[in-house]
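The values are calculated or read from the model by the stated rules, or taken from the named source; none is laboratory data. Predicted, not measured: the structure shown is a model, and the values here were computed from it. Cβ sites come from the backbone with ideal geometry, for glycine too, and all protein chains shown count toward neighbours. Keep in mind that these areas ignore ligands, DNA and RNA; they rest on the heavy atoms of the full protein, side chains included. Shrake-Rupley method; radii C 1.70, N 1.55, O 1.52, S 1.80 Å.
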Amino acid sequence: MAVAAAQKNREMFAIKKSYSIENGYPSRRRSLVDDARFETIVVKQTKQTVLDEARVKANDSSLENSVPQAQEQHPQVDELPCKPEETVSSDAQDEEKDAGLTEEEVVLQNAASESPEAEKEVVRAAVVVRLRDGMGSLGRILKAVETFHGTVAHLESRQSRSEGVMFDVLIKVDMARVNLLQLIRSLRQTSSFGSVSLLAENNVSVKAPWFPKHASELDNCNHLMTKYEPDLDMNHPGFADQVYRARRKEIAEIAFSYKYGDPIPHIEYTETENKTWSAVFTRVKELMQKHACSEYIAVFRKLEDEKIFVQERIPQLQEMSDFLRKSTGFTLRPAAGLLTARDFLASLSFRIFQSTQYVRHINSPYHTPEPDCIHELLGHMPLLADPSFAQFSQEIGLASLGASDEEIEKLSTVYWFTVEFGLCKENNEVKAYGAGLLSAYGELLHAISDKPEHRPFDPASTAVQPYQDQEYQPIYYVAESFEDAKEKFRRWVSTMSRPFEVRFNPHTERVEVLDSVEKLDTLISQMNTEILHLTNAIAKLRQPFC
């Protein structure tokens with residue numbers, strides 16, 4: 001029951017609108033950056049609507065009606081030992097009672113309202129209390145926790161940087177949800193506390209977006225941007241083709257029914273679809289020798305040697321996934337269409353690439369307004385089989401987990417100017433490694449010409465660079481190498497506001513949040529073992545031959 005309630009409250013802030021032109025999304029060429037920006041707007045609108053509704057509801061209901069059980073069982077804060085001057089006026093209390101709901105409390109209150117069991121469910125929450133009068137006020141906090149039948153699990157303090165406040169106290173408590181709400185409201189009625197903030201429930205920050213911790217949870221990461229669906233977009237090449245639209249629906253349904261652990265469904269491609277592939281494949285192969293980076297060319301040839309890349313037929317995702325797993329540990333997962341930026345980036349954390357299986361319309365073989373399997377297979381797959389590039393892709397994914405909406409937009413922009421439209425230096429020549437360039441020859445020829453501006457790759461400036469989505473881009477970013485790009489990216493990510501670090505454990509296929517000393521000790525122990533193996537290997541290589 002508690003798990004279901006928590007899941008529902010996470011979904012409360014999820015995107016509830018279709019990302020289609022009917023709901024305000026501009027019908028333009030596909031852009032992951034614009035997707036992220038539109039997603040940010042919708043999330044903000046949805047959050048504000050939820051918060052406004054909750055606050056109106058709170059204003060319409062008196063405090064004694066909202067949590068009668070807690071008030072009947074426990075005294076108010078006025079009954080706690082305190083100096084008369086420490087208690088705020090009744091008018092201030094009424095104002096606090098009306099306007100004091102934060103996003104965190106909305107989540108908590110909605111979780112408590114699910115059922116009587118959820119209301120009484122004991123949760124662990126972190127509360128930060130800022131003390132105006134020094135540590136002498138700490139006793140009042142502990143007394144309040146005891147009054148509302150809570151247990152202190154952890155307590156720490158530090159000197160505050162806030163003006164007019166002496167100390168910040170972090171206290172983790174185990175307490176019933178309904179009593180936790182009462183505790184926070186009660187503490188706020190005392191003037192000796194500068195502020196009282198609820199940070200977390202069940203050790204998960206309620207302000208941070210939910211993100212998958214295991215690859216199986218990607219089953220929940222399939223929110224689609226429907227702006228370019230052929231059924232909705234009049235500018236789509238297949239809008240007037242009923243046969244094509246039916247085919248797209250058929251393949252989309254196959255992807256929607258896919259679950260973690262299933263074999264990737266086999267698609268029997270038609271003669272028309274294979275003909276479209278053949279035209280693009282031939283063109284890419286002609287251009288790659290001169291304009292693609294060496295890593296792309298090397299893997300492309302390997303795929304030809306293994307008969308995965310052949311001109312006559314479209315490769316199946318399963319055979320490509322098997323190839324990637326052997327090369328870099330990446331695997332594929334079928335997607336029904338263009339995913340939201342947050343969901344797509346999250347999958348990269350697990351070295352999983354969500355790939356479409358449908359094919360662009362035959363009338364537009366060299367350009368598609370959305371991702372299709374030709375773009376994914378010819379553009380993305382060869383470099384996902386390169387160890388350095390695969391690592392870079394995963395690090396972008398890991399940086400997105402728990403990131404704010406604004407940071408998702410910046411990460412999407414970095415992804416757009418690197419993985420999709422990135423250039424790199426090779427023997428003093430500029431080569432393409434972006435999938436959007438390698439599968440769209442018109443923009444490829446433009447990108448390597450002297451018409452656009454080439455700037456050195458710098459994540460901080462790249463992340464805020466406006467993207468040109470009507471014509472070819474006027475600006476491209478050139479990396480010195482994949483290793484150089486990774487190092488710069490790591491330094492930039494360290495400045496993000498996310499209050500925790502994550503790592504991917506390849507043995508358990510889980511993302512671990514490094515938020516405790518115990519987890520860090522375990523990681524350090526594992527790293528020490530790896531360093532020992534490396535040291536031994538170096539020592540053996542340095543030994544002279546007998």
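Would you please list the contacts, defined by Cβ atoms under 9 Å and residues six or more apart or on different chains, that run from a residue in segment 151-172 that is closer than 13 Å to LEU138 by Cα to a residue that is surrounded by fewer than 17 Cβ atoms within 10 Å (Cβ to Cβ) and β-branched (Val, Ile, Thr)?
Note: pairs meeting the criteria are ASP168/VAL128; VAL169/VAL128; LEU170/VAL128; ILE171/VAL128; ILE171/VAL152.
Looking at segment 279-301, which of its residues are within 26 Å of ASN428 (Cβ to Cβ) and basic (Lys, Arg)?
Of everything in segment 279-301, those that are within 26 Å of ASN428 (Cβ to Cβ) and basic (Lys, Arg) turn out to be LYS285, LYS290, ARG301.
Are any residues in segment 245-259 assigned to a helix (DSSP H, G or I), in contact (Cβ under 8 Å) with a residue 60 or more places away in the chain and open to solvent by less than 60 Å² (accessible area, probe 1.4 Å), and if so, which ones?
Answer for segment 245-259, where residues must be assigned to a helix (DSSP H, G or I), in contact (Cβ under 8 Å) with a residue 60 or more places away in the chain and open to solvent by less than 60 Å² (accessible area, probe 1.4 Å): ARG247, ARG248, ILE251, ALA252, ILE254, ALA255.
If you scan segment 492-546, which residues turn out to be open to solvent by less than 90 Å² (accessible area, probe 1.4 Å) and part of a loop (DSSP other than H, G, I, E, B)?
Listed by number, the residues that qualify are SER494, MET496, SER497, ARG498, PHE500, PRO506, THR508, GLU509, ASP515, SER516.
For (1) at pLDDT below 50; (2) surrounded by 12 or more Cβ atoms within 10 Å (Cβ to Cβ); (3) more than 14 Å from ARG188 (Cα to Cα); (4) under 40 Å from the mean Cα position of the chain (by Cα), each residue gets a yes or a no:
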| residue | (1), (2), (3), (4) |
| --- | --- |
| HIS74 | yes, yes, yes, no |
| LYS83 | yes, no, yes, no |
| GLU103 | no, yes, yes, yes |
| ALA112 | no, yes, yes, yes |
| ALA118 | no, yes, yes, yes |
| ARG130 | no, yes, no, yes |
| ILE141 | no, yes, no, yes |
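Checking the conditions here, which among ARG351, ARG333, ARG342 is within 18 Å of the chain's Cα centre (by Cα), on the phi > 0 side of the Ramachandran plot and either surrounded by fewer than 24 Cβ atoms within 10 Å (Cβ to Cβ) or touching a residue at least 12 places away in the same chain (Cβ under 8 Å) (or both)? Write out each step before concluding.
On the way: ARG333 fails: on the phi > 0 side of the Ramachandran plot; ARG342 fails: on the phi > 0 side of the Ramachandran plot.
Of ARG351, ARG333, ARG342, the one residue that is within 18 Å of the chain's Cα centre (by Cα), on the phi > 0 side of the Ramachandran plot and either surrounded by fewer than 24 Cβ atoms within 10 Å (Cβ to Cβ) or touching a residue at least 12 places away in the same chain (Cβ under 8 Å) (or both) is ARG351.
Just wondering, is there one or more residues in segment 203-213 that are open to solvent by 30 Å² or more (accessible area, probe 1.4 Å) and modelled with pLDDT of 85 or more?
yes
Just to be sure, is ASP372 more than 24 Å from LYS486 (Cα to Cα) and open to solvent by 10 Å² or more (accessible area, probe 1.4 Å)?
On the way: more than 24 Å from LYS486 (Cα to Cα): yes; open to solvent by 10 Å² or more (accessible area, probe 1.4 Å): no.
When the stated conditions are applied, ASP372 does not pass them.
Search segment 263-280 for residues that are closer than 15 Å to ALA246 by Cα and pair each with any residue that is in a helix (DSSP H, G or I) when their beta-carbon atoms are under 7 Å apart and the residues are at least 6 apart or on different chains.
ILE267/ILE251
Does PHE482 count as in contact with a helix residue (DSSP H, G or I) (Cβ under 6 Å, 6 or more places away or on another chain), under 26 Å from LEU401 (Cα atoms), open to solvent by less than 60 Å² (accessible area, probe 1.4 Å) and not charged (D, E, K, R)? Steps first, please.
Working: in contact with a helix residue (DSSP H, G or I) (Cβ under 6 Å, 6 or more places away or on another chain): yes; under 26 Å from LEU401 (Cα atoms): yes; open to solvent by less than 60 Å² (accessible area, probe 1.4 Å): yes; not charged (D, E, K, R): yes.
Here the answer is yes, as PHE482 does meet what is asked.
Could you list, in sequence order, the residues of segment 403-432 that are open to solvent by 10 Å² or more (accessible area, probe 1.4 Å), more than 29 Å from GLN289 (Cβ to Cβ) and either free of Cβ contacts under 8 Å to residues at least 60 places away in the same chain or not in a helix (DSSP H, G or I) (or both)?
Selection gives SER404, LYS410.
Can you pull out the residues in segment 304-330 that are among the β-branched types (Val, Ile, Thr) and crowded, with 19+ Cβ neighbours inside 10 Å? Steps first, please.
Start the filter on segment 304-330 by keeping residues that are among the β-branched types (Val, Ile, Thr), which leaves 308, 310, 314, 328.
Of everything in segment 304-330, those that are among the β-branched types (Val, Ile, Thr) and crowded, with 19+ Cβ neighbours inside 10 Å turn out to be ILE314, THR328.
What number of residues within segment 433-452 are open to solvent by 20 Å² or more (accessible area, probe 1.4 Å) and of a type in the set (Phe, Trp, Tyr)? So that I can check it myself, show each step before the final result.
So the first thing to find is which residues in segment 433-452 are open to solvent by 20 Å² or more (accessible area, probe 1.4 Å), and the list is 440-442, 445-446, 448-451.
Adding the requirement that they be of a type in the set (Phe, Trp, Tyr) leaves 441.
Residues in segment 433-452 being open to solvent by 20 Å² or more (accessible area, probe 1.4 Å) and of a type in the set (Phe, Trp, Tyr): 1 in total.
Results for (1) acidic (Asp, Glu); (2) within 22 Å of the chain's Cα centre (by Cα); (3) assigned to a loop (DSSP other than H, G, I, E, B), shown as yes or no for each residue.
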{"position": "TYR358", "(1), (2), (3)": "no, no, yes"}
{"position": "GLY379", "(1), (2), (3)": "no, no, no"}
{"position": "GLN391", "(1), (2), (3)": "no, yes, no"}
{"position": "GLU395", "(1), (2), (3)": "yes, yes, no"}
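Kindly indicate whether TYR477 is of a type in the set (Ser, Thr, Tyr), assigned to a strand (DSSP E or B) and more than 14 Å from LEU411 (Cα to Cα).
Yes, satisfied.
List the number of the failed condition for ASP343; all other conditions in (1) assigned to a loop (DSSP other than H, G, I, E, B); (2) touching a His at 6+ places or on another chain (Cβ under 7 Å) hold.
Exception for ASP343: condition (1).
Go through segment 475-505 and give me each residue that's more than 24 Å from SER388 (Cβ to Cβ) and at pLDDT 90 or above.
ILE475
Against the definition (touching a Leu at 6+ places or on another chain (Cβ under 9 Å) and buried (at least 24 other Cβ atoms within 10 Å of the Cβ)), how does LEU384 come out, yes or no?
yes
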